[in-house]
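Student: One structure is given below, represented as structure tokens, and several questions about it will come after.
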Amino acid sequence: MALEHAERRRWCSEISGINKSLNPSKKSKEKSILDMKPTR
């Protein structure tokens, strides 16, 4: 995708929200990759 970083993060966040609503997690502590902290 040819999006700026901030636009790409927003887009991924919106898609993640849609996916979560369509496929509710059965695990209460399942983490999204967007919720993880960078290690550097």
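Student: At 7 Å along the Cα-to-beta-carbon direction for both ARG10 and ASP35, put a label point, then send me their distance in nm to one decimal.
Tutor: The answer from the label model is 2.3 nm.
Student: Additional query: I'd like the Karplus ³J(HN,Hα) series for the range 6-16: coefficients 6.51, -1.76, 1.60, θ = phi - 60°, whole numbers in Hz, and an x wherever there's a Gly or Pro.
Tutor: 5, 5, 5, 5, 5, 4, 4, 5, 5, 5, 4
Throughout, read-outs are computed from the coordinates displayed, never taken from laboratory work. Quick caveat, the model's predicted, so the values are computed rather than measured. When we count neighbours, we look across all protein chains shown, and the Cβ atoms used for this are built from the backbone with ideal geometry, even at glycine.
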